[in-house]
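**Q** Input: one structure, supplied below.
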Amino acid sequence: MEDKIRVLIAKPGLDGHDRGAKLVARILRDAGMEVIYSGLRQTPEMIAEAALQEDVQVVGLSILSGAHMEVFPATIQQLKDRGLENVALVAGGIFPEEDVPALKQMGIKAIFGPGSSSQEIVDSLKKAVAEKAN
Amino acid sequence: MPSRSKQEWRDTTLEKTLKRSPERQERFEISSGTEIDDLYAPDDLEGIDYDEALGYPGEYPFTRGIQPNMYRGRLWTMRQYAGFADAEESNKRYRYLLEQGQTGLSIAFDLPTQIGYDSDHEMARGEIGKVGVAIDTLADMEVLFEDIPLDKVSTSMTINATAPILLAMYIALAKKQGIDPKELNGTIQNDILKEYIARGTYIFPPRPSMRLITDIFKYCGEEVPRWNTISISGYHIREAGSTAAQELAFTLANGITYVQAAIDAGLDVDDFAARLSFFFAAYGNLFEEVAKFRAGRRLWAKIMRERFEAKEPRSWMLRFHTQTCGHTLTAQQPTNNVIRTTIQALAAVLGGTQSLHTNSYDEAYATPSEEAVTVALRTQQLLAYETDVANAVDPLGGSYLVESLTNTLEEEAQNYIQKIDTLGDALAAIEQGFPQREIQESSYRTQMDIESEKKVVVGVNKFVSPYPKITGLLRFDPQIAIKQKEGLAQVKQNRDSATVSAALDKLEKVATGTENTMPAILECVEAYATIGEVCDVLRRVFGEQKEFLAF
């Protein structure tokens, strides 16, 4: 039997908009994944540490404060520092269109904006994990 | 009473039609999932006593409105929430909005300001000036309100955990402008309970947080008597996914907890109750929303008169601000958002709101641009001046549907309040994760309804078409953060550090004891202590709260 995909849904930045993060966490759990939800105000260090401790294959970053261009690279660096290059990174929230290429460039595998469906999120995550495994 | 009952009509006239063409949905529901009838008629209001259930406007239980003549006297306050980047940019936006005919200011602060970190703190990384204006010291407030005389405006500040500090800065600024704090009008949100439930900008544990709140009640009662010391907010609860009934219930339950805390702190209910204000969301479920506002007024009036035995009619009144619902705005076909907002604003006005913020059509993308915020303000002006909605009090009062829904919403909210009472109080319920779980459940259900297309969102899951991109979105200049940090460094250099340390030490003593914290906080900000410094003192004394995670 296939092992369950382990996911960390994390909220970097200071904003308290966790409706999306909690919804996605539940949707992924319903889809059979093992989901850890970090709670609010996670620093890049805390997220990377949790990813390491929980041995996840995917980290989903949810942010709506607009701090993504500073917080995401810092998180990626922290993951690298812990040798977690194989963890797939995805992101949800509100990202200005002109930021998207840069986010992809820095290694965010999938980006979910307003109106993303459950199916789309589940499928993208599976795909991102499969890609990292190869 | 009509000559035939509703049921007789159903069995005869309606029956024939239904045989030919069935209804387009199996069930019609309000947001709580409660089914609504096909028709409301006099039968539905049987046994309702007008005086007891409705009364006249300006009279208990205020179902029809808190003022006798409502908008025939004065229109609602048009109050657009704004604030971004630094104090200078925000000041420009405020003056622009005042010139455009806005009648009150509403300040949005950035997250570090809300959570008590200075702009040079590590936690502030990437957040400076993003969702509101960055304030580190009184010097920023001086710039924020430049050329805005504080006795001529009413100012609402969306600030919670750090509310005592921002209020102290506002008072200090008034004094500098030569204005007696007794002349100040405005509101601080100061509602920490809903931060634990839904909004997330808490710092300290609940008990000391409640003390800071009652300290403000006491202090303002004497020193800033016209200030609205709290805005008990359902808005964020609703935005987090609750139903209308849950929004009402959790908000009023929080209100009950604040009132009890103030009474326990030795205050007389009639000395502070009239300064309590509320803040709700307005959705596009027009009639349900109007019913929610009406039910809220009736329920609160009963709570204040019967449960807390307040004697003054002003203590019984539910006064509230409304904001249209940001969550319903879509990134797809964004011009549709103007229409959504219009309907939501209409619900607020028909529901008798005291003030209103209308969202901008670009809010699914960014902090609103000037163009978008102008359309939002014009929406209110259009409702006020081009339609007849403000010309008679409680225009939907007496509608069989709206009166029935008002009863339903009141009953559903009351059931939740009773449940919370059995858990202890709102705080105990939060600690047990009760409201959080209820909200998550509703949020999940809404999402599933959208995905299954049971709930239609025009332009998203139905009537999808290509749409022109919005242009002119507001972008932040990264220089803002650098400028803010430089400004902070300069203030720190120019202030008298001995005065600052003495004020902070004094605050630490006061916070450790039982004396009112407000005068000591005022002393700190007048010495140009930073928000971070003041909060660090309070963090040391009170500790920090971790998330009440209910997942």
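**Q** All but one of (1) more than 29 Å from B:Asp425 (Cβ to Cβ); (2) within 14 Å of chain A (Cβ to nearest Cβ) hold for B:His327, so report the exception by its number.
**A** If we test B:His327 against (1) more than 29 Å from B:Asp425 (Cβ to Cβ); (2) within 14 Å of chain A (Cβ to nearest Cβ), just (1) comes out false.
**Q** Ok, one more. Counting only residues that are at the interface with another protein chain (Cβ under 10 Å from one of its Cβ atoms) and out of contact with any Leu (no Cβ under 7 Å at 6 or more places or on another chain), how many does the stretch A:7-28 have?
**A** 11
**Q** Moving to a separate point now. Please verify whether the stretch A:56-70 includes one or more residues that are closer than 21 Å to A:Val129 by Cβ, assigned to a loop (DSSP other than H, G, I, E, B), among the polar types (S, T, N, Q) and more than 10 Å from chain B (Cβ to nearest Cβ).
**A** yes
**Q** Check the stretch A:116-124 and report whether any residue there is closer than 20 Å to A:Asp30 by Cα and outside any helix (DSSP H, G or I).
**A** yes
**Q** So, of the residues in the stretch A:29-55 that are away from every other protein chain (no Cβ under 14 Å) and either crowded, with 20+ Cβ neighbours inside 10 Å or touching a Cys at 6+ places or on another chain (Cβ under 8 Å) (or both), which turns out to be farthest from A:Ser117 (Cα to Cα)?
**A** Going through the qualifying residues, I end up with A:Ala48.
**Q** Just to be sure I understand, how many residues within the stretch B:335-351 are part of a helix (DSSP H, G or I), surrounded by fewer than 20 Cβ atoms within 10 Å (Cβ to Cβ) and of a type in the set (S, T, N, Q)? Break it down stepwise before answering.
**A** Within the stretch B:335-351, the subset part of a helix (DSSP H, G or I) is B:336-350.
Cutting the leftovers down to surrounded by fewer than 20 Cβ atoms within 10 Å (Cβ to Cβ) gives us B:336, B:338-339, B:342-343.
So of that shortlist, the ones also of a type in the set (S, T, N, Q) come out as B:336, B:342.
Adding up the residues that qualify gives 2.
**Q** May I pose another question? B:Ile263 - would you say it is among the hydrophobic types (A, V, I, L, M, F, W, C) and either more than 14 Å from every other protein chain (Cβ to nearest Cβ) or outside any loop (DSSP other than H, G, I, E, B) (or both)?
**A** Against the criterion (among the hydrophobic types (A, V, I, L, M, F, W, C) and either more than 14 Å from every other protein chain (Cβ to nearest Cβ) or outside any loop (DSSP other than H, G, I, E, B) (or both)), B:Ile263 qualifies.
**Q** Another question, if that's okay. Being loosely packed, with under 15 Cβ neighbours inside 10 Å and assigned to a helix (DSSP H, G or I) is true for just one of A:Pro73, A:Pro101. Which residue is that?
**A** Numbers: A:Pro73 fails: loosely packed, with under 15 Cβ neighbours inside 10 Å.
Among A:Pro73, A:Pro101, only A:Pro101 is loosely packed, with under 15 Cβ neighbours inside 10 Å and assigned to a helix (DSSP H, G or I).
Conditions tested, residue by residue: (1) touching a His at 6+ places or on another chain (Cβ under 7 Å); (2) small (Gly, Ala, Ser); (3) in contact (Cβ under 8 Å) with a residue 60 or more places away in the chain.
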{"position": "B:Glu8", "(1), (2), (3)": "no, no, no"}
{"position": "B:Asp11", "(1), (2), (3)": "no, no, no"}
{"position": "B:Lys16", "(1), (2), (3)": "no, no, no"}
{"position": "B:Ser32", "(1), (2), (3)": "no, yes, yes"}
{"position": "B:Ala41", "(1), (2), (3)": "no, yes, yes"}
{"position": "B:Tyr56", "(1), (2), (3)": "no, no, no"}
{"position": "B:Phe62", "(1), (2), (3)": "no, no, yes"}
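**Q** Counting only residues that are out of contact with any strand residue (DSSP E or B) (no Cβ under 8 Å at 6 or more places or on another chain) and among the hydrophobic types (A, V, I, L, M, F, W, C), which one in the stretch A:71-107 is farthest from the other protein chains (Cβ to nearest Cβ)? Full working, then the answer.
**A** Keep residues of the stretch A:71-107 that are out of contact with any strand residue (DSSP E or B) (no Cβ under 8 Å at 6 or more places or on another chain), which gives A:73-74, A:77-78, A:80-86, A:94, A:96-99, A:101-102, A:105-106.
Then drop every residue that is not among the hydrophobic types (A, V, I, L, M, F, W, C), which leaves A:74, A:84, A:94, A:102, A:106.
Working: A:Ala74: 7, A:Leu84: 21, A:Ile94: 7, A:Ala102: 13, A:Met106: 14 Å.
Once the filter is applied, the top-ranked residue is A:Leu84.
**Q** If you take the residues in the stretch B:1-26 that are surrounded by fewer than 10 Cβ atoms within 10 Å (Cβ to Cβ) and within 45 Å of the chain's Cα centre (by Cα), which one is farthest from B:Asp38 (Cα to Cα)?
**A** Only one residue tops the list, namely B:Met1.
**Q** So which pairs qualify, if the first residue must be in the stretch B:218-235 and within 25 Å of B:Thr514 (Cα to Cα), the second must be of a type in the set (Ser, Thr, Tyr), the Cβ gap must be under 6 Å, and the two must be at least 6 apart or on different chains?
**A** Short answer, once both residue conditions are applied: B:Cys220/B:Thr229; B:Asn228/B:Thr187; B:Asn228/B:Ser277; B:Ser231/B:Thr187; B:Ser231/B:Ser277; B:Ile232/B:Thr251.
**Q** Additional query: Looking at (1) in a helix (DSSP H, G or I); (2) more than 18 Å from B:Gly104 (Cβ to Cβ); (3) touching a residue at least 24 places away in the same chain (Cβ under 8 Å), find the lone condition where B:Ala174 falls short.
**A** The single condition B:Ala174 does not satisfy is (2).
FYI, it's all coordinate maths here, none of it is from the lab. Model, not experiment: these values are computed from the prediction. A quick note on method: Cβ atoms are made from the backbone with ideal geometry, for glycine too, and the neighbour counts reach across all protein chains shown.
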